[in-house]
Amino acid sequence: SQPDRNPAGKTNLFAEQKAWEEHQITKATLKFRSKNRKQRSEDYQFVFEDQIEFIKASLMDGVKVDQEPPTESIEKSMAKSAFGKLQEDRKTLPIYSYRDELLQAINDHQVLVIVGETGSGKTTQIPQYLHEAGYTKRGKIGCTQPRRVAAMSVAARVSQEMGVKLGNEVGYSIRFEDCTSGKTILKYMTDGMLLREFVGEADLASYSVIMVDEAHERTLSTDMLFGLVKDLARFRPDLKLLISSATLDAEKFSDYFDCAPIFKIPGRRFPVEIHYTKAPEADYMDAAVVTALQIHVTQPPGDGDILIFLTGQEEIETAEEMIKHRIRGLGTKIAELIICPIYANLPTELQAKIFEPTPEGARKVVLATNIAETSLTIDGIKYVIDPGFSKMKSYNPRTGMESLLVTPISKASANQRAGRSGRTGPGKCFRLYTAHNYMNDFKDNTVPEIQRTNLANVVLSLKSIGIIDLMDFDFMDPPPSEALLQALEQLFALAALNQLGELTTTGRRMAEFPLDPMLSKAIVASDKYKCSDEIISIAAMLSVVNSIFYRPKDKQVHADNARMNFHMGNVGDHIALLKVYNSWKETNFSTQWCYENYIQVRSMKRARDIRDQLEGLLERVEIELSSNVNDLEAIKKSITSGFFPHSARLQKNGSYRAVKRPQAVNIHPSSGLVQALPRWVVYHELVLTSKEYMRQVTELKPEWLVEIAPHYYQLKDVEDSSSKKMPCGIAPAEDLEFTYNRFRSVNLSLDGIA
Ligand code: CDP
Ligand code: MG
């Protein structure tokens, strides 16, 4: 049942269904039918957008719209009515008729499981109801979201509904971005951020209510929060705990939380017609685009918007290109199609676009990751196109390899996706797979993340919260013990834990950084090599998820040349990133410089923000900011101190082999070292596309491994002896044995403590 790695090329999940076969998109079928489409006039567009801008601006600035906006009367009344309309809209949500009952139930029970269809108003309304009922007098209301975009956009929405400025009474907190203040009473945050708050404030004393929202998503952090808040609720009888979820798994949540009552919010659902394809299809991207365009040209635009589920930013950008290209081919006579991408790292200023009402005569096509499955509700969707895939983390605890794989979704996800089309009226869902696929290849539910991820990060957090015995932690679904052991092993190797499984001083420092333990370790180690200044710049650059380098299709040669400037001397990708950052800094953070060098300004600004925060954290863990920019060896050794488990050695055939793992890997084509092929490298991460690639690669000297991590590498691992049977060090079987032996003893020690 291993899914194909490259579904766009390999899987066979699509063929046209009879109903839409009739309308294959060809230019010939796309004759303009004027009665269906109204071209919107430029004048109208201008007025319209102006007004929307004003309303947004006034709400964002916290102009209480029932006070006097200092502008002309038409704008005044627009703003007033916009605020009034938001209030009216709140009352139309399914949850509104249960407001009092819900508040009563929360009053009567300490822990309540709330289930309600996506879009019923749980996330935006419940915290407001609690505020209106006076809970915020006793403390903040915290509401967790698995996704950062959801936390931001929901907070923005709620601040509008309350007529306050975002960041004041209503705020959000996500990694590297805190948009809250002393005034904040409704705080939306990622589940990971609340987990971190436990480190600082173990009793969450400043909160009166914690709402663990989107509980069905079962992210790693949400699962860890379950254990922590369950414990906390016993300890703090005054704390209200709400676990909210979109219909699934309610009984399971209730059972876990000592039979907490379940409050159901009946949703409104219109019928959704589901269409399957008759036979599998090779290219779901193409199929999705064709289907969308077909809907667009055959159905009147006022009819409803389209939502396509794709697996990630790259696919979304490709689909956007494909749609634009084909639309151009269709001429000017078809109605306007507004393309709205939404994915985790979409820049904030573009996020609002998907919620803007579709102008008359046009249609929106939303290209979304599974963020739109339950986290975000976009009004007006009538057509859903579901290729049946999502990107999922998968982890092999035996090899310690973690990768993001494009994987078939579960039946539960498929049904959520279909449901998105039937919120405001009857909908249609086009599944780009066969009914047989659905029945036989899709699991009932998505496997919780905790069972398919590297746990080193959360284990470190839990240890720093003071959870000593992880074997005893109250998991809703426990992770595989192998994965837990592997995490302990990794933290031990990084010297974050001692032989007894206790947090060391290094580990305590590492836990302060909201980064992967290996990266945190590199920062902590830079103290020794006197180059913390350089390492936090590199760490910040590595933490920017969007690409730093800009490579427009028509200027690829220029862009590549510009990029290679930073790689001069085969310094490796880490140092190249440092050079980019430092050069930008030298120009006083010039935007023009970024343009000239094909660097994405936005990514750089983000890196600067992250770097500022890391600098603050350095101070907290008492590491001096010291710069050693010319000592490349010091910088590389710091990196190696964190990433030594990610070392690889060149093989005769030109590929690499992980030193401690029986795994063939290659240098990613985007790396500056892809031609140089150094004999030994350390890499930041593995990505799996057509092959297993190492991304962000730096050359190292093998003796560093023994010097830096003598407990992990012995001379025989790094010796050159081509006569050996296992040229890459310890044989896999021995390796595993080694791990188990080590952990048998760690476990015993843990038991001793508990
Ligand atoms: O949490 P739940 O799925 O139950 O619903 P919600 O997120 O509270 O959404 C309630 C309504 O608010 C929906 O009609 C959304 O379209 C709207 N909303 C919005 O317009 N903008 C946002 N950023 C979030 C929600
Ligand atoms: Mg919600």
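The values are calculated or read from the model by the stated rules, or taken from the named source; none is laboratory data. Being a predicted model, the structure only gives us computed values, none of them experimental. A quick note on method: Cβ atoms are made from the backbone with ideal geometry, for glycine too, and the neighbour counts reach across all protein chains shown.
For the stretch 322-352, a residue qualifies if it is out of contact with any helix residue (DSSP H, G or I) (no Cβ under 9 Å at 6 or more places or on another chain) and either free of Cβ contacts under 8 Å to residues at least 12 places away in the same chain or within 21 Å of Lys382 (Cβ to Cβ) (or both), and the qualifying residues are His325, Arg328, Thr332, Glu349, Leu350. On the stretch given as the stretch 418-438, residues that are assigned to a loop (DSSP other than H, G, I, E, B), within 16 Å of ligand 1 (Cβ to nearest atom) and buried (at least 22 other Cβ atoms within 10 Å of the Cβ) total 1. Within the stretch 103-130, the residues that satisfy the criterion of being in a helix (DSSP H, G or I), within 12 Å of ligand 1 (Cβ to nearest atom) and either at pLDDT below 95 or not polar (S, T, N, Q) (or both) are Lys122, Ile126, Pro127, Tyr129.
Is it true that Glu449 is closer than 30 Å to Glu281 by Cα and surrounded by fewer than 22 Cβ atoms within 10 Å (Cβ to Cβ)? Give the derivation first.
Details: closer than 30 Å to Glu281 by Cα: yes; surrounded by fewer than 22 Cβ atoms within 10 Å (Cβ to Cβ): yes.
Criteria met by Glu449.
Restricted to the stretch 590-601, and to residues that are surrounded by 14 or more Cβ atoms within 10 Å (Cβ to Cβ) and not polar (S, T, N, Q), which residue is farthest from Ser543 (Cα to Cα)? The residue in question is Trp593.
For the stretch 360-390, the tally of residues that are basic (Lys, Arg) and within 16 Å of ligand 1 (Cβ to nearest atom) stands at 2. Provide a single number: the residues in the stretch 605-647 that are more than 27 Å from the chain's Cα centre (by Cα) and of a type in the set (A, V, I, L, M, F, W, C). Residues flagged as more than 27 Å from the chain's Cα centre (by Cα) and of a type in the set (A, V, I, L, M, F, W, C) within the stretch 605-647 amount to 7.
Tell me, please, whether a residue that is assigned to a strand (DSSP E or B), more than 16 Å from ligand 2 (Cβ to nearest atom) and either polar (S, T, N, Q) or in contact with a strand residue (DSSP E or B) (Cβ under 6 Å, 6 or more places away or on another chain) (or both) can be found in the stretch 131-151.
Yes: the stretch 131-151 contains one or more residues that are assigned to a strand (DSSP E or B), more than 16 Å from ligand 2 (Cβ to nearest atom) and either polar (S, T, N, Q) or in contact with a strand residue (DSSP E or B) (Cβ under 6 Å, 6 or more places away or on another chain) (or both).
Contact map, the stretch 209-238: residues that are of a type in the set (Lys, Arg) paired with residues that are away from ligand 1 (no atom under 16 Å from the Cβ), Cβ distance under 7 Å, separation 6+ or inter-chain. Pairs shown: Arg218/Pro448; Arg218/Glu449; Lys230/Phe257; Lys230/Asp474; Arg236/Asp203.
The strands (runs of 3 or more DSSP E) found entirely in the stretch 237-278 that carry 1 or more residues being within 16 Å of ligand 1 (Cβ to nearest atom) and of a type in the set (Phe, Trp, Tyr) are 262-265. Can you report the number of residues in the stretch 198-220 which are at pLDDT below 95, more than 12 Å from ligand 2 (Cβ to nearest atom), in contact with a helix residue (DSSP H, G or I) (Cβ under 8 Å, 6 or more places away or on another chain) and not hydrophobic (A, V, I, L, M, F, W, C)? Number of matching residues: 3.
Taking first residues from the stretch 249-260 that are closer than 18 Å to Gln416 by Cβ and partners that are part of a helix (DSSP H, G or I), the Cβ contacts under 9 Å between residues at least 6 apart in sequence or on separate chains come to Asp249/Ala215; Asp249/His216; Asp249/Ala412; Ala250/His216; Phe253/Ala215; Phe253/His216; Phe253/Phe226.
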